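The next block holds one structure in the form of structure tokens; read it before the comments.
Please treat every number below as a calculation from the coordinates, not as lab data. Treat the numbers as computed from the prediction; the structure is a model and nothing was measured. Using ideal geometry, Cβ is built from the backbone for each residue, glycine included, and neighbour counts are taken over all protein chains shown.
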Amino acid sequence: MPLSFFKKLFEKPSAQIHSRDKVVKEQMQKGKQPSTIQANNSSNSSLFKLDIFNSYLSQEEAKCPYCLEKLEKPPTRKRKCPHCKETMYGRTLPVIKRKVVVTEKQRNKVDQYNLIVSELEMYGNDYIKKYREIKNDLKSKWGFEPEDRDVFWQLINKYRINMASSKAWGLYRNATHRMAEFLALEGKLESSLDLYIEVHYIDTNGAGNSGQFHNDETTSEYNFSDLAPALVAKTLDIKEQLNLTDEEFKDRYIKISSITKQSLQFPIESKKSWFKFEKEMKSFKD
Ligand SMILES: [Zn+2]
């Protein structure tokens, strides 16, 4: 879907963004923290609450988002500030495409929004329509505009349930992966880890989109599908962050896999799935 399609949904002309940037610049020149700029154009018709990014530093400012010292060159990805030694990141905001220099916490927020936008982009008009419906629904229930994370969370949950009822396991698996990523970006590592484990368990079943399994043990050629290395790395990273021992992690893997096996009626035993994962895990440690 072309970007122009999304731009139309926001009604946030770039001129206004730039004028806010100018206000940020002026405030910073006066030595103020640029954190109190309010958007004045939050239209009901816009899809996302992108005004939360108004206070983020533009790359053209070339300043550290922690200590506000001048930088020779803004980072495009990841860099340590030469003044305060904090790690800052270069990112591009979704839809409006403004380039920003952000703290780690801000980076997670930007990445989360980029995830939401790219998911909506991928699934197209029906998905966007549902997103809007959920947003309006929550708004009338709660009496205020919901956070986009709440809207997206409901949307992807509903989608995932639908994929489960139609046994579209590949799509179900992808939605589970997005949810895992989403929670990790919010620092909800315990719940994120369980979802990552579920993805690995599904992968070891070789689950297809028409209810079939490539790794059904009843077939003569019993051969596991490959696990995605980037996802294994992410899972192990979360395991480290949670300080889980190998034993604790193994118990957790088997427990989550058993629950998934039972609730979704998958063929592979949780222990067999674990053996495959363990093998992959060891190849990472070597
Ligand atoms: Zn700094």
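Suppose every Lys and Arg Cβ carries +1 and every Asp and Glu Cβ carries -1, with no other charges. What dipole size does region 166-285 come out with about its Cα centre, to the nearest 20 debye?
On the way: 16 positive and 19 negative charges, 25 e Å.
With only Lys, Arg, Asp and Glu charged at Cβ, the dipole is about 120 debye.
Sort S273, S55 so that the residue with the fewest other Cβ atoms within 10 Å of its own Cβ comes first and the one with the most comes last. Walk me through the numbers on the way to the answer.
Numbers: S273 28, S55 16.
Ranked by crowding around the Cβ, least crowded first: S55, S273.
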Problem set entry | Relative contact order (%) - region 166-285, alpha-carbon pairs under 8 angstrom, separation at least six | 26
Exercise. Taking region 87-155 on its own, what percent of its Cα-Cα pair distances exceed 17 Å?
Worked result: 49
Exercise. Using the C-alpha gyration tensor of region 166-285, what are the square roots of 5 times its eigenvalues, in whole angstrom, with the largest one first?
Worked result: 22, 16, 12
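Counting other beta carbons within 10 Å of each Cβ, put T176, T245 in order, fewest first. Working shown, then result.
Numbers: T176 24, T245 9.
Lowest to highest Cβ neighbour count: T245, T176.
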Exercise. Taking neighbour counts of Cβ atoms within 10 Å as a proxy for exposure, in what order, fewest first, do R91, R132, R77, R178 appear?
Worked result: R77, R132, R178, R91
